[in-house]
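The values are calculated or read from the model by the stated rules, or taken from the named source; none is laboratory data. Because the structure is predicted, anything quoted here is derived from the model rather than measured. Reconstructed Cβ throughout: ideal geometry from the backbone, glycine too, with neighbour counts over all protein chains shown.
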Amino acid sequence: MANTSERTIEVNGRSYRLPSQPTVVVCVDGCEFDYLEAAVAAGVAPFIGKMLKGGGAFKGDCVIPSFTNPNNLSIVCGVPPSVHGICGNYFWDPDANGGEGAEVMMNDPAYLRAGTLLAAAAEAGAAVAVVTAKDKLRRLLGWQLKGICFSAEKADKVTLEENGIGEVLDMAGMPVPDVYSAGLSEFVFAAGVRLAQTRKLDLMYLSTTDYIQHKWAPGTEGANAFYAMMDGYLAKLDALGWVIGLTADHGMNAKHDPQTGEPNVIYLQDVLDDWLGVGRARVILPITDPYVVHHGALGSFATVYLPRDVSVAQVIERIGGLQGIDTVLDNVAACERFELPNDRVGDIVVVSTKHVVLGTRRAEHDLSGLTVPLRSHGGISEQEVPLLFNRRVEALPSSGGDGGKRLRNFDIFDIALNRVSSS
Ligand SMILES: [Zn+2]
């Protein structure tokens, strides 16, 4: 282990002590606080129960849109998307397609505008490892990282050159899990524990997938089984002497009619086609990615590009009048409130209410994979997330991102590295 105890690094305007004890931050995808409390109440998560009572349990806000990539990048950069640039899985890139513009995935590190504290810590001599569930996050999280970085999804494809480790299947003691399974997240924990047992590491980041949370509400059988699994691995990391910080990228809510089980969807492109003419407005759903089976690309956040001759203010007013809409803002107001990069957001940002999602056209969403009533995220209603530590927290930071008014999930490394008691 590098002698890192007295050194600090500066990353994106924040400073972090390099770990004097091995430190792991876990991002539990889609982890509403309720999941933790319900699993503890059911008696299946005793270690999480200890964390909830140990002077290191808080609630904070994630970044909006409450999606996976913007929040994972905020966590490892310590700043909101206005700084690091990643504001969705998917966006309208006006420069793509020879300047014609195109809808593209935002999972290429070329879109990242800030360095990660993981890469900076490794550069300063810390031994760093990152394990993600899905491969879509791996290249962003591992950008410029001199360390170990691999995904459970592609665990059979790791190479020393690309991932900083030559073999992980035997190490984790599990085969490559199905991308739509609880096993994908369990692999992340199993690999993390084995890395902690077998390597001299200083800093680790583990990021799971929300397959279970999309299907199971807090306190249900499937959810409690997931948290029981997680509890066992967290207890092992604790027993190995690791400082643990646990947070989430976003919460999760039911987005369906409780009577019929049908999803509550506003098909915004259909609405705008009706108002303005077919295809004149362009609705972008930043939740869109290649893995849509469990949510049908339906979340509670959308951004809209309008033709020049249409009044933004009038469209905002009309959308605001639709039932199920929480917030509609123009580009400037939305980017200021949600700390987003103006050039990657449309003319309008639309956020739906707690139990309502936004779609493009009805015909463009394949909902055949929704085997259970829709649960999803993306809105302000999924902003509250846990911040949990296995050490007493001495003092909370005043976050750089929001004038110090509220705790954010992207404060987690600051707290885990700078503000927990040493025993
Ligand atoms: Zn997520």
So which of 369, 320, 324 is outside the structural domain of residue 69 (by TED's automatic domain parsing), free of Cβ contacts under 8 Å to residues at least 24 places away in the same chain and surrounded by fewer than 20 Cβ atoms within 10 Å (Cβ to Cβ)?
320
Here are some conditions: (1) in contact with a Ser or Thr (Cβ under 6 Å, 6 or more places away or on another chain); (2) assigned to a loop (DSSP other than H, G, I, E, B). Residue 351 meets all but one. Which one does it not meet?
(2)
State whether the residues of segment 228-238 include one that is farther than 22 Å from residue 152 by Cβ and either crowded, with 22+ Cβ neighbours inside 10 Å or out of contact with any strand residue (DSSP E or B) (no Cβ under 8 Å at 6 or more places or on another chain) (or both).
no
Pairs under 7 Å by beta carbon, first residue among the basic types (Lys, Arg) in segment 237-264, partner away from the ligand (no atom under 16 Å from the Cβ) and not in a loop (DSSP other than H, G, I, E, B), six or more apart or different chains?
255/263
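Test residue 129 against the stated conditions and say whether it is assigned to a helix (DSSP H, G or I) and more than 24 Å from residue 286 (Cβ to Cβ).
no
Just to confirm my filter: which helices (runs of 4 or more DSSP H) fall fully inside segment 189-286 and include at least 1 residues that are away from the ligand (no atom under 16 Å from the Cβ)? Outline the logic, then answer.
Details: elements: 211-215, 221-239, 268-276.
Ranges flagged: 221-239, 268-276.
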Selection count, segment 132-159, where residues are within 17 Å of residue 177 (Cα to Cα) and part of a loop (DSSP other than H, G, I, E, B)
6
For segment 1-92, which helices (runs of 4 or more DSSP H) that fit wholly inside it have 1 or more residues that are among the aliphatic types (A, V, I, L, M) and more than 16 Å from the ligand (Cβ to nearest atom)?
33-41, 46-53, 81-84
